[in-house]
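Asker: This is the structure, below, for whatever I ask next.
The values are calculated or read from the model by the stated rules, or taken from the named source; none is laboratory data. Treat the numbers as computed from the prediction; the structure is a model and nothing was measured. Positions of Cβ are backbone-derived with ideal geometry, glycine not excepted, and every protein chain shown enters the neighbour counts. These accessible areas exclude ligands, DNA and RNA; they are computed on the full protein's heavy atoms, side chains included. Shrake-Rupley method; radii C 1.70, N 1.55, O 1.52, S 1.80 Å.
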Amino acid sequence: MKNEEGAVKLFTGVTGVGDDLIEEAGTAQVKTRKKVPEWQWELVAGLCLIMLAGAAIWRWMGLTDRTLPPVFDAPAVTDPVTVRPPDANDPGPGCDMLPKGITPVLRVGDTLYEWTGLSVHVFLDESGSYSSMGGGATYLPEGFHEYGTISGVTLEEPTEELQLQAGFEASGTVFVSEEHPAVVYVLMHTDWFPEEGSYIRFASDALGDNELLSWQGRTYRFSYYSNASPVLKALPEGCELIGHLHYVGVDSIPAGDLESNRRSDDYAKPLEGRKVYAVPGDDRVLYVYEPRYRQEDGGSAWHPFWRVCRLWER
């Protein structure tokens, strides 16, 4: 007991804490920590998310600013040249923007032939759509024979035999076919083609941009890239089925009933076998059925449609 009293006196002397303070501390209620409102935690969480999103965007912008390797060897010319992807109705990729903004034109005899693109193989893939062979290889179709060589290059419309209008220097061999007089091919050499050259297809106006359809000795045109061939969601009253389209090749000028030199529609689907309609007694317009569907006014309803093909007036 004496030892306990001595310890208390020693503690009081060293700390200066009296019995009254010790008693008060023992009877005081413990104060609880004030609770943080839930909305403050939500605010902190939101700010963290904003900071993380900002960091991600900053990193993405840094990555996209890097210079990516080109998908093809760009031509060594002053003006830019952009090679576009293959079009299902062209023999191969052409150019949206050629040097000096000039689409090449070649004179053969009295006819002018305009550049349409590289001559590449086209085939039906597993989905039933037309695709072109990759690798950049070009070819000369059967039935074309050597005619001569490019005589020179000009910036103006060519007036001399085998003269080429272009915004770049070029040489090459010209190939023609008696069966397909509306098309010529050129094995062309430039600074931006492979060393062995590339086969380029040129076509005259007589080919109708490969959008021609013939019936009963008349020629009709169905254009997918202009207002010349609008579409209808319903056929005119009295329309009757007159037959099915027959594809005769991109280099041919249609002559027989319902022959066409257009290979496919906007979806790269074949036009071979498409149903064609007409109003009896009215030979001004034909209607080609489209198996695809077009959405009406952005709604959920989908409808078949028919493409209007009017008489072609050159």
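Asker: Select from the range 215-256 the residues that are of a type in the set (Val, Ile, Thr) and not in a strand (DSSP E or B) and write down the one among them that is least open to solvent (accessible area, probe 1.4 Å).
Answerer: The first filter runs over the range 215-256 and keeps only residues of a type in the set (Val, Ile, Thr), leaving 219, 231, 242, 248, 250, 253.
Those still in the list that are not in a strand (DSSP E or B) too: 248, 250, 253.
Working: 248: 44, 250: 17, 253: 83 Å².
Ranking the candidates gives 250 first.
Asker: With the requirement that a residue be assigned to a loop (DSSP other than H, G, I, E, B), surrounded by 15 or more Cβ atoms within 10 Å (Cβ to Cβ) and touching a residue at least 24 places away in the same chain (Cβ under 8 Å), what does the range 187-214 give you?
Answerer: Keep residues of the range 187-214 that are assigned to a loop (DSSP other than H, G, I, E, B), which gives 190-197, 204, 211.
Those left that are additionally surrounded by 15 or more Cβ atoms within 10 Å (Cβ to Cβ): 190, 192-193, 197, 204, 211.
Matches in the range 187-214: 190, 192, 197, 204, 211.
Asker: On to the next question. Checking residue 269 against (1) open to solvent by 50 Å² or more (accessible area, probe 1.4 Å); (2) more than 23 Å from residue 180 (Cβ to Cβ), only one condition comes out false. Which one?
Answerer: Condition (1) is where residue 269 drops out.
Asker: Something else now. Filter the range 194-234 down to the residues that are within 24 Å of residue 111 (Cα to Cα) and of a type in the set (Asp, Glu) and list them by number.
Answerer: Matches in the range 194-234: 205, 209, 211.
Asker: Search the range 98-123 for residues being exposed (fewer than 14 other Cβ atoms within 10 Å of the Cβ) and either out of contact with any Asp or Glu (no Cβ under 8 Å at 6 or more places or on another chain) or under 19 Å from residue 161 (Cα atoms) (or both), and hand back the single one that is modelled with the lowest pLDDT. Even if it seems obvious, please write down each step before you answer.
Answerer: Filtering the range 98-123 down to residues exposed (fewer than 14 other Cβ atoms within 10 Å of the Cβ) leaves 100-101, 109-110, 123.
Subsequent filtering for residues that are either out of contact with any Asp or Glu (no Cβ under 8 Å at 6 or more places or on another chain) or under 19 Å from residue 161 (Cα atoms) (or both) retains 109-110, 123.
Values: 109: 96, 110: 96, 123: 91.
Of everything passing the filter in the range 98-123, 123 is modelled with the lowest pLDDT.
Asker: Which one is least open to solvent (accessible area, probe 1.4 Å), of the residues in the range 124-147 that are modelled with pLDDT of 90 or more and on the phi > 0 side of the Ramachandran plot?
Answerer: Step by step, filter the range 124-147, then rank; the result is 128.
Asker: Of the numbered conditions (1) under 11 Å from residue 119 (Cβ atoms); (2) within 27 Å of the chain's Cα centre (by Cα), residue 197 fails exactly one; give the number of that condition.
Answerer: The one condition residue 197 does not meet is (1).
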